Amino acid sequence: MNIDWYSHYFSPEVGAPSARLNDLSRCFIEHGHRVHVNTCFPNHPHGVLYPGYHHGLYLRENISGIKVSRYWSYITENRGFVKKLTGHVSFLLSTVIQSQRKPVRPDVVIGTSPTFFAALAAAGHSLRYRVPFVMEVRDLWPAIFVELGVLKNPILIGLLEKIELWMYRHAVRVVTVTESFRQNLISRGVSPNKVVNIPNGADLDYWQPQEGAATMRKALGLEGKFIVLYIGAHGISHALIQILECAGKLKEEKGIHFLFVGDGAEKETLQAYAQKEKLHNVTFHKSVDKQNVKSLYALSNVCLVPLRDIPLFDSFIPSKMFEIMAMQRPVIASLKGEAADIVLQSGGGLVVQPEDVDAIKEAVLELFSKQELGRELGKSGRRFVREKYNRKTLAERYIDVLNDTVKLSKHI
């Protein structure tokens, strides 16, 4: 098959969207398929182009056998709803204007959302080439912005929801990353036969247990510390102020140190809070590349996976928890719903209520005082991911879905 992806995010950018797309695409290629990714010039999350790239109208390249077309878009850092929306829409317009650049006619087009507009670009190109459209749903847009209070204009919300439902109707298949998302779409009238759940997972060949990175510990000044790691976006979704409150309650425990790695709209606010509260047991570090993410997991004693306590997040599964468990590190998951159930089933960590500062504190203390328990949780987590969430196995399921989609479309 000739498989076309449309995604706002892709390698060398780090994070869940680019990791999923990169891992699945490489697996597709290993099975004999051609993959072409249509994306932006890499700039996420800082709004600065990655080294070696110069902003232009169009760039074609090859990354590990994946054909990549990069289109011009408005570049902005990952903060400010209007600016980010402008960037998303500009990518859609750029792909439409430069659509004649596509080198090979696809057999199937996949649009991965978010962003919503990357999926819309894929839907439009599927119509142009008269090939099936698969919509991949990694977040529920625009519902998540409504729940978080970012999007309040009822006219705009209504318009976006109409576009969203049109894409579901137009898609031959809808692929969700959680079963909860699948049930949400079915409850809104999408045919159950159309919606397939292919969750995130981990590349077990890459995310392997390794010794703690002694050099990095020393560089960070954290030798001899029990490191509680949060790595990822510092945004409004992650309830990180509650993690800092937890750190405040534990600042007399000299052996425990909290390490925050990443960037986002809330980072400056979080740093100001830590400074105001004199949290000497907290270190902030900028975003790092994929190799250093692995090293940071390796030096941690426990990793945090938090989300805000809002109903829609009961249907979310933070993909980082699969990488953490694959690295054989214990998780403290302040989550509810499907993600909490997975952690409990895995035996790979402790689950507490979202935003419950005292419960998070007690979980940290338990793993600090019972470090053998943490090691056992880590082993259970890796075993569980190997059995249930191996990304290569999930990629094979995805290929089956795409083959069926192409066959089905020929009979419609």
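The values are calculated or read from the model by the stated rules, or taken from the named source; none is laboratory data. Note that the structure is predicted; figures quoted are calculated from it, not measured. Cβ atoms come from the backbone with ideal geometry, glycine included; neighbour counts cover every protein chain shown.
Any residue at all in the range 24-32 that is in contact with a helix residue (DSSP H, G or I) (Cβ under 7 Å, 6 or more places away or on another chain), in a loop (DSSP other than H, G, I, E, B) and either touching a residue at least 60 places away in the same chain (Cβ under 8 Å) or polar (S, T, N, Q) (or both)? Yes; the residues of the range 24-32 include at least one that is in contact with a helix residue (DSSP H, G or I) (Cβ under 7 Å, 6 or more places away or on another chain), in a loop (DSSP other than H, G, I, E, B) and either touching a residue at least 60 places away in the same chain (Cβ under 8 Å) or polar (S, T, N, Q) (or both).
Would you confirm, using the coordinates I've provided, whether residue 195 is β-branched (Val, Ile, Thr), within 20 Å of residue 389 (Cβ to Cβ) and free of Cβ contacts under 8 Å to residues at least 40 places away in the same chain? Yes: the conditions hold for residue 195.
Every residue in the range 5-22 that is closer than 15 Å to residue 323 by Cα and without any contact (Cβ under 8 Å) to a residue 40 or more places away in the chain, please. Result: 18, single match. Taking the condition over 24 Å from residue 315 (Cβ atoms), surrounded by 13 or more Cβ atoms within 10 Å (Cβ to Cβ), among the aromatic types (Phe, Trp, Tyr) and in contact with a Leu (Cβ under 8 Å, 6 or more places away or on another chain), does residue 50 pass? No. The single condition from (1) at pLDDT 80 or above; (2) surrounded by 14 or more Cβ atoms within 10 Å (Cβ to Cβ); (3) farther than 29 Å from residue 262 by Cα; (4) of a type outside the set (D, E, K, R) that residue 99 fails is (1).
Conditions (1) within 22 Å of residue 402 (Cα to Cα); (2) under 17 Å from the mean Cα position of the chain (by Cα); (3) part of a helix (DSSP H, G or I); (4) assigned by TED's automatic domain parsing to the domain that holds residue 274, marked per residue:
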{"site": "209", "(1), (2), (3), (4)": "no, no, no, no"}
{"site": "228", "(1), (2), (3), (4)": "no, no, no, yes"}
{"site": "244", "(1), (2), (3), (4)": "no, no, yes, yes"}
{"site": "247", "(1), (2), (3), (4)": "no, no, yes, yes"}
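Taking the range 278-291 as the range and being without any contact (Cβ under 8 Å) to a residue 60 or more places away in the chain and more than 20 Å from residue 334 (Cβ to Cβ) as the test, the residues that pass are 278, 280, 286, 291. Looking only at the range 51-73, residues that are touching a residue at least 12 places away in the same chain (Cβ under 8 Å), of a type outside the set (A, V, I, L, M, F, W, C) and out of contact with any Phe, Trp or Tyr (no Cβ under 8 Å at 6 or more places or on another chain) come to 4 in all. Of all the listed residues (378, 348), the sole one being crowded, with 22+ Cβ neighbours inside 10 Å, on the phi < 0 side of the Ramachandran plot and without any contact (Cβ under 8 Å) to a residue 40 or more places away in the chain is 348. Hey, among the residues in the range 225-236 that are touching a residue at least 60 places away in the same chain (Cβ under 8 Å) and touching a Gly at 6+ places or on another chain (Cβ under 9 Å), which one's nearest to residue 148 (Cα to Cα)? That would be 236.
Could you check how many residues of the range 15-34 are of a type in the set (Val, Ile, Thr) and buried (at least 22 other Cβ atoms within 10 Å of the Cβ)? Matching residues across the range 15-34 total 0.
Considering only residues of the range 135-183 that are out of contact with any helix residue (DSSP H, G or I) (no Cβ under 7 Å at 6 or more places or on another chain) and of a type in the set (Phe, Trp, Tyr), which is nearest to residue 125 (Cα to Cα)? Within the range 135-183, the match that is nearest to residue 125 (Cα to Cα) is 166. Being touching a helix residue (DSSP H, G or I) at 6+ places or on another chain (Cβ under 9 Å), assigned to a loop (DSSP other than H, G, I, E, B) and either at pLDDT 90 or above or surrounded by fewer than 21 Cβ atoms within 10 Å (Cβ to Cβ) (or both) holds for only one residue in 128, 105, and it is 105.
Among all residues of the range 330-341, there is at least one that is without any contact (Cβ under 8 Å) to a residue 24 or more places away in the chain and on the phi < 0 side of the Ramachandran plot. In the range 131-163, what residues are part of a helix (DSSP H, G or I) and of a type in the set (S, T, N, Q)? Passing the criteria: none in range.
Just one residue in the set 281, 301, 292 is in the same structural domain as residue 368 (by TED's automatic domain parsing) and over 18 Å from residue 361 (Cβ atoms); that residue is 292.
Scanning the range 253-268 for residues that are in a loop (DSSP other than H, G, I, E, B) and either farther than 9 Å from residue 281 by Cβ or touching a Pro at 6+ places or on another chain (Cβ under 8 Å) (or both) turns up 255, 262, 263, 264, 265, 266.
Within the range 211-234, the set of residues being of a type outside the set (A, V, I, L, M) and under 19 Å from residue 246 (Cβ atoms) comprises 225, 226, 230, 232, 234. The single condition from (1) at pLDDT 90 or above; (2) over 20 Å from residue 187 (Cα atoms); (3) surrounded by fewer than 19 Cβ atoms within 10 Å (Cβ to Cβ) that residue 153 fails is (1).
Screening residue 62 against (1) out of contact with any helix residue (DSSP H, G or I) (no Cβ under 8 Å at 6 or more places or on another chain); (2) buried (at least 19 other Cβ atoms within 10 Å of the Cβ); (3) not in a helix (DSSP H, G or I) leaves a single unmet condition, (2).
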